[in-house]
Amino acid sequence: MTLTVALCVTAVAFVFVCGANDGGALLELAVRHRSRSAGLALALLTLAVGLGPHLFGLAVARTFTGCLSQEPPATAQSVFLAGAAASVALVVLLTWRGVATSLTLAVLGALAGAGIALGVRPSWGHLALVLAVGAAAPLVGVAAGWLIGRTVRRIPAVRGMPRLVRALQLAAFGTQCLAYAANDGQKMFAVVAVTFAGDALLPRPWETGDALVAVVFALGALVGARRIARGAAGRLLTARPWQVMSAELASSAAVLSTVGLGMPVSMTQSLAGGLIGTGASEGSRRVRWQFTVPLLTAWLVTLPAGFAAGFLAGLLLKGLTSW
């Protein structure tokens, strides 16, 4: 009974922090540079997250659970309890201390650390491949942002351009919402499905609690939107609406390109890459390069810290269950 309650609380907290960390960043940037209401942007993001498993399946979510090497349900739940709790605590701590972080990196590291502590050998080769693809995604975002930025700047002005731009802005944000739901957002469904269904293989999308995930995620996004506004990604350049639109399209392309491979990548880091590329398309001086340092810090700090936190959480859980 105690384990069940702990699993439920941890899963809800994990989804809420995903909303505050990921959803808040996407929502704040979208609303800041649009005439569209925050309510519409939040509705689009929430709808995409809820429909994600039905539209795209759970290939990326299975990559998160693949760290377990298909262990029995009880073991899988223990690993996810320790890993999810450790990643939530780490992200909250690092964010509070002003250190740039990535929830995707935190949970990957924490699951590996918790698995080792609980006697589950992670698939190191698979994990290395996931991290390599994740590191490449922001670079793809930079290249795509540069190409899209150069293309958009050459489009001639026509009658009705403001209305066309608003329509393209909405389409770009909608595409980004779908890309997040197809990839990065699936870490939430991995945690929820293992928690409530006890199934590390995730065979049925409708057992992932999509409606519950969407609602809790939306609440987190509302809380996180204002706080994220002070983040480094929003300060990379003084972005104009067309640059935000270009960055959203670039990050969507980077993230969606990995969905078929089942590789989780960070949407927020890909978006930062898109902003850098879009700004650089007007000249390197447009980018405030000092704010790219936190993106590197996230890799240097979050992943090993997540592993250590997950390992400690696994040892603690192992000691409590054997006591």
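Things worth noting here:
- Any chance LEU51 is under 24 Å from VAL255 (Cα atoms) and modelled with pLDDT of 80 or more: yes
- Looking only at the stretch 1-17, residues that are in contact with a Leu (Cβ under 6 Å, 6 or more places away or on another chain) and either of a type in the set (Ser, Thr, Tyr) or modelled with pLDDT of 90 or more (or both) come to 1 in all.
- Looking at THR63, THR46, just one residue is at pLDDT below 90 and among the β-branched types (Val, Ile, Thr), and that residue is THR63.
- Members of the stretch 282-323 found to be among the acidic types (Asp, Glu) and closer than 23 Å to SER78 by Cβ, listed by number: none
- Residue match in the stretch 100-119 (condition: surrounded by fewer than 20 Cβ atoms within 10 Å (Cβ to Cβ) and closer than 20 Å to ALA190 by Cβ): yes
- Search result, residues across the stretch 266-323 that are part of a loop (DSSP other than H, G, I, E, B) and in contact (Cβ under 8 Å) with a residue 40 or more places away in the chain: SER266, SER281, GLU282, VAL287, ARG288
- The residue that is modelled with the highest pLDDT, counting only those in the stretch 68-83 that are farther than 14 Å from PHE14 by Cβ and polar (S, T, N, Q), is SER78.
- Any hit, the stretch 251-271, residues being farther than 19 Å from LEU105 by Cβ, buried (at least 20 other Cβ atoms within 10 Å of the Cβ) and of a type in the set (Gly, Ala, Ser): yes
- Output for the stretch 223-239, where each listed residue is modelled with pLDDT of 70 or more and buried (at least 17 other Cβ atoms within 10 Å of the Cβ): GLY224, ALA225, LEU236, LEU237
- Enumeration of residues in the stretch 101-129 that are β-branched (Val, Ile, Thr) and farther than 18 Å from ALA76 by Cβ: THR101, THR104
The values are calculated or read from the model by the stated rules, or taken from the named source; none is laboratory data. Please read these numbers as outputs of a predicted model, since none were measured by experiment. Glycine also receives a Cβ, built like all others from the backbone with ideal geometry; neighbour counts cover every protein chain displayed.
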